[in-house]
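To keep things clear, I will list the structure first and then write my remarks on it.
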Protein chains: 4
Amino acid sequence: MAVTEADGSADAETATASVVGASGFAGGELLRLLAGHPNVEVAQATSREYANKTVGSVHPNLRGLDLRFSEPSDLESVDVLFAAAPHGVAMDHIDAWQDAADTVVDLSADFRLDTEPQYDEWYDGHTAPEYLDDAVYALPEISRDDLAGAELIAGGGCNATATILGLLPLQTAGVLDGADVVVDVKVGSSEGGASGGKASSHAERSGVVRPYAPTGHRHEAEIEQELGLSVSFTAHAVDMVRGASATCHVFPDSPVSKGDLWSAYRETYGDEPFVETVAGGSGVYRYPEPKAVAGTNNAEVGFELDPGNERVVTFSAIDNVMKGSAGQAVHAANLALGFAETAGLQQLGMHPVGSP
Amino acid sequence: MAVTEADGSADAETATASVVGASGFAGGELLRLLAGHPNVEVAQATSREYANKTVGSVHPNLRGLDLRFSEPSDLESVDVLFAAAPHGVAMDHIDAWQDAADTVVDLSADFRLDTEPQYDEWYDGHTAPEYLDDAVYALPEISRDDLAGAELIAGGGCNATATILGLLPLQTAGVLDGADVVVDVKVGSSEGGASGGKASSHAERSGVVRPYAPTGHRHEAEIEQELGLSVSFTAHAVDMVRGASATCHVFPDSPVSKGDLWSAYRETYGDEPFVETVAGGSGVYRYPEPKAVAGTNNAEVGFELDPGNERVVTFSAIDNVMKGSAGQAVHAANLALGFAETAGLQQLGMHPVGSP
Amino acid sequence: MAVTEADGSADAETATASVVGASGFAGGELLRLLAGHPNVEVAQATSREYANKTVGSVHPNLRGLDLRFSEPSDLESVDVLFAAAPHGVAMDHIDAWQDAADTVVDLSADFRLDTEPQYDEWYDGHTAPEYLDDAVYALPEISRDDLAGAELIAGGGCNATATILGLLPLQTAGVLDGADVVVDVKVGSSEGGASGGKASSHAERSGVVRPYAPTGHRHEAEIEQELGLSVSFTAHAVDMVRGASATCHVFPDSPVSKGDLWSAYRETYGDEPFVETVAGGSGVYRYPEPKAVAGTNNAEVGFELDPGNERVVTFSAIDNVMKGSAGQAVHAANLALGFAETAGLQQLGMHPVGSP
Amino acid sequence: MAVTEADGSADAETATASVVGASGFAGGELLRLLAGHPNVEVAQATSREYANKTVGSVHPNLRGLDLRFSEPSDLESVDVLFAAAPHGVAMDHIDAWQDAADTVVDLSADFRLDTEPQYDEWYDGHTAPEYLDDAVYALPEISRDDLAGAELIAGGGCNATATILGLLPLQTAGVLDGADVVVDVKVGSSEGGASGGKASSHAERSGVVRPYAPTGHRHEAEIEQELGLSVSFTAHAVDMVRGASATCHVFPDSPVSKGDLWSAYRETYGDEPFVETVAGGSGVYRYPEPKAVAGTNNAEVGFELDPGNERVVTFSAIDNVMKGSAGQAVHAANLALGFAETAGLQQLGMHPVGSP
């Protein structure tokens, strides 16, 4: 496969893809996206637990697909390999994956940080640190230029993605220089993955507003790396399945106006295909709302100014399984492989929608 | 527009469309579907209440669309007009709509029944009964042949659609001849429409298992008309926004085997693009499940045999806003206009998904 | 302890109680009820898994209680022992429990059926069948007289309880003689217990309308035993945590009037402290609703007449953890021990309440 | 009625009570609490809209009560009048209410602030400012001494209550002196009241993480008044019906230790009957959780220390209809009337419970 000037039209060449760890939530979402991708053909979906079963037996939305899980040990040679395994798996298999594919997009935390000391500060001992420096952070709004032709791409964390997208315009506009930033995140249960457990049982997890990792959340490391500032971060589990919402309370060093904020967001996101600024206005949905972007690769960002406290409040909302994981990965892969940036990612959200 | 042998490919001609009543849930869903339809261009979306506002101000999933509501009194001439107004509106405007469009697809109950006496039995006084006989019931699994070139199409009721799809194979196979049938339906809150009200407030409507119209539900009329049998019908509101699930308890006159049932469902739905039979198997999703088809035009149907009571239990699940309304309408319009049957309707569901 | 004519007043004597299996949902509910019971003092709450931890570490609503789990092997001598262990445990420990306590109330299925052949038909091999005949079914609306002084009480199944309460007036009035009955039950996730598992994870369980055991549900056995008729039973999981709702579609042999139905329900439940008849009327809550009785020992029952199909539809709603389990057990124990019937069970429900 | 040393025992005298605005959520909750209160007898429950209907026709949990709404214009003379009318009503009726009752407990915002200038800053024009100075803020943890014998009591706002309870120990310990404080609140739909509206319809309100009044929330005024510090406050609607959760991010001027925090919380709440400190530990519920206190007058408070950012994070959780409204009112009335402080308020929460 060698697509240099593809535009997503029908005559673009087609890439073959493997999805490793395809029985999890992010893996299933990759299969959903690639099934509708005009330039990608899924060659393989691996799952140790469900090998030889149909993908529809795990992901009911894919019952119509004629595809079965295969053993992860038996990798085919493909153009692009998407890995959706638990943290710590990718670092042990990255050599094999690089052999099997021109481009590897890893959705775990293994290659998100740039250096081994950073990694060691937040996680435990990396077994393939030599890849850290070259891996490109998957968020195109930050790393678009580096993604073209990238061989190893590291998908961002969902909470980090939501936070970074909300703050990026302020950073670009210099508003964050010397600012204090508090980040309060609300996330859905899909963030915990498909494996279950008592705390995530329906009876215990329904209706919660549950602080988790109230301090020291690992996604702080990514936020600090990508935005160059330290934030005070706390996450809460709330009653939804898909979705991450980040509210950032920013105290700038010098005053900003609402016009400054609009300019900053327009400048940063005016040409971005997957980011919409929503700030005030009328109707029911005046600010970013996770359920409005459920099932899509869109992020909504917005802001409000609190003159009384000289505070800027930013809001951002994503579908953690999409923009926060599988959608971001496909977006990055499109850029790496030279496809149209939005190929396979033009799903619209739903209205009404309950608690997706 | 004159498409005679369209196949959905890029060179098919394009139809212009109006959506009347576009600020409601079904109207918004039509806009979502038509925005991604390869052969349809939306010329107009009407709303008296929101005229001149962007469609995204009401439907947050459509914020990216450059389209504003227009006054319903000011209809453009189009190829196809979709009407998503409350019951009783269509009968008063059908003359004007027929003037404005070659094909009218009405999603209300106004033209679902074939005769004025039927209508009068279940509703109040029809003002345009002369259209009843010619209107084609929109459900392609029942009326595919009649839909080609139809000028007036009546979208089926969501509960009726779910019930009919679950029972149709049994009717075709003769299992319903002389059978007693109890239908127990569970539906989401979107069925009540966008207008709100105390009973549908979040605080009152959350977590309910609320019998409504426990007897005498109007959709019985459609079921009786389309399947030729009377059923004992009861509907319950449950805690979801999108979705309708029908469980039919069927007591046949003579015994049937599981093999008979599989044959019946395969024969009826083997070639249907939007109906999947799900009956038993392994994993979490062994029977039809509304959330697995949320956002899609798919119906899932299934069955179980209860030897102890000589009972067949059928299950069917749809998204009431899609297969039960807007999706069914687009499907019917595709057939009426000669487009590929699945054009604009190939959305896959999501997994996981909460309570869509 | 020897209370013969207690009336629940302050001078009644006090019984000591053990709760075996106190870390599960029903066990925790027993602790909640007994903590507020004027005549019972909890001597012991056992849990193998959580021995020596506070009960509040598992049941957050009991954080204020000064009570720790003890090992189940180390039973104290008490007046009444409540057992809330999984099915199959009670039959292996019933001898020891009878030694330790004057009265044993077992909430599992082990002693619900009257004979070994019945048990063997629906479950697997009983190890203490000699107790089956003497065990009293806990539902006071059926077995009040037998409960006084009972030494072994078998708590009814939650789905069976809801169904029996809905149908009991019809049985008493003779309406069920020769009638066909379809029972369609909707239940919450707490019915699955505290142990979790993939199918009951929040991401998979949220928003479902999931048929489970669509035929052959074991609670049919209890319904048949207590009401003397065979029913066609299907249960669905829906999105709530607490609650069971049974809709029974009854086809009587001869016609009944609405007046007949009101008479039947009044006669059966007019003096019952925990059953309310709710049938039609105005407002949002016109029929029995699980969320209206959440946290209480109340059952709501109601009905509607469908003249078109000569059908009676009955509705009943309970909190499965209360009237369907722990509340029923305490109610039965009150009668067995001679306490005021409603002692410890006078909690009112909440309004509004979401999805308890 | 003249109870001077009541202790809640059976021989305490009984006060008569009116509930004005009894068809709303807080009014219904007052009826629930007073129905179980050993020292209060409800003489009257007013509702203009539902006059002459039973209270159970609006509040399904109260179907068992023999009580009908009366016209609000026809007030009886009582010992205590609870007013649960919308904001702005109390100030117009306070003279009449004071005439009718020895003690008035108003749950609206009308008398929460101490001075007319404060009121004018956050609301619009007070019509009875002469009462502002004498009204006692209802939160006993702050104003216990002033509540004894109080004639006018102003119930606190639910978000303010949650915030104040979380921060109070830090204020008392001096940690808030010079500190920056960000308050991020999550609330349920019952906070919007019983009147409904499009934004609070189930279809639109389900599954939201919706910023509302992201800046300039009126409850800031109460927080500032009671704690003497200005906070940066933002509230979000999330998917629950009952519950308010406040996460406060506090940046003290000088470092504090975890031991300091434990001491502060113990000192403030060690003897409080309705506040529990929950901070870390094991199990599923390690921090304050609204659903654990649903239906109760309990508040849970907790904290965590973030050494990296020199930040203290506090968490607090209440049932907004109880501790945040009706429960707080009854608690205050108990103190004002000389009853046992916990009379009528000893409900335990439920486990499991979904999204109450």
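In percent, how large is the relative contact order of chain D, given Cα pairs closer than 8 Å and 6 or more residues apart? Computed value for chain D: 18 percent relative contact order. For the peptide D:212-219, the mean number of other protein chain Cβ atoms found within 10 angstrom of a residue's Cβ is 4.
Averaging the sequence gap over all C-alpha pairs within less than 8 Å and six or more residues apart, then dividing by the number of residues, gives region D:158-318 a relative contact order of 30 percent. With the cut-off at 1.5 for a/c, could you classify the protein assembly as shown from its C-alpha gyration tensor as rounded, prolate or oblate? Note, shape of the protein assembly as shown comes out rounded. Relative to the other identical copies, C:Asp271 shows label-point distances of 5.1, 6.9, 8.5 nm, where the label point lies 7 Å from Cα along the Cβ direction and values run shortest first. Region D:83-158 and region B:70-115 have Cα centres lying 55 Å from one another. Between helix B:327-337 and chain B there is an angle of about 70 degrees, using the helix long axis and the longest principal axis of the Cα atoms. Please state the shape class of region B:158-318: rounded when a/c is under 1.5, otherwise prolate if a/b exceeds b/c and oblate if not, all from the C-alpha gyration tensor. Taking the square roots of the gyration eigenvalues as a ≥ b ≥ c, region B:158-318 is prolate. Summary: within chain D, the longest segment free of trypsin sites (Lys or Arg not before Pro) located in DSSP loops with at most 16 other C-beta atoms within 10 Å is D:54-356.
Shape class for region C:135-204: oblate, because the ratio a/c of the largest to smallest gyration tensor axis (alpha-carbon atoms, square roots of eigenvalues) is 1.5 or more and b/c is at least a/b.
Sites listed here are GluC sites (Glu not before Pro) in region C:245-337 whose DSSP assignment is loop and whose Cβ has at most 16 other Cβ atoms within 10 Å: C:Glu310.
The long axis of helix A:158-172 is offset from the longest Cα principal axis of chain A by roughly 50 degrees. Sorted largest first, the principal axis extents computed over the alpha-carbon atoms of region C:163-243 equal 45, 20, 20 Å. Among residues other than A:Val58 with Cβ under 14 Å from its Cβ, the summed charge is +3 (Lys and Arg +1, Asp and Glu -1).
Taking Cα atoms only, the orientation of helix D:258-269 departs from the longest principal axis of chain D by about 10 degrees.
Sorted shortest first, the separations between the B:Gly88 label point and its copies elsewhere in the assembly read 3.2, 5.9, 6.4 nm; each point sits 7 Å from Cα along the Cα-to-Cβ line. Take every DSSP beta bridge whose two residues both sit in chain B; close to 45 percent of them are antiparallel. A point 7 Å from Cα along Cα→Cβ stands in for D:Ser77, and the other copies hold the same point at 6.2, 8.1, 10.0 nm, listed in rising order.
No value in this document is a laboratory result; all are computed from the given coordinates. Being a predicted model, the structure only gives us computed values, none of them experimental. Using ideal geometry, Cβ is built from the backbone for each residue, glycine included, and neighbour counts are taken over all protein chains shown.
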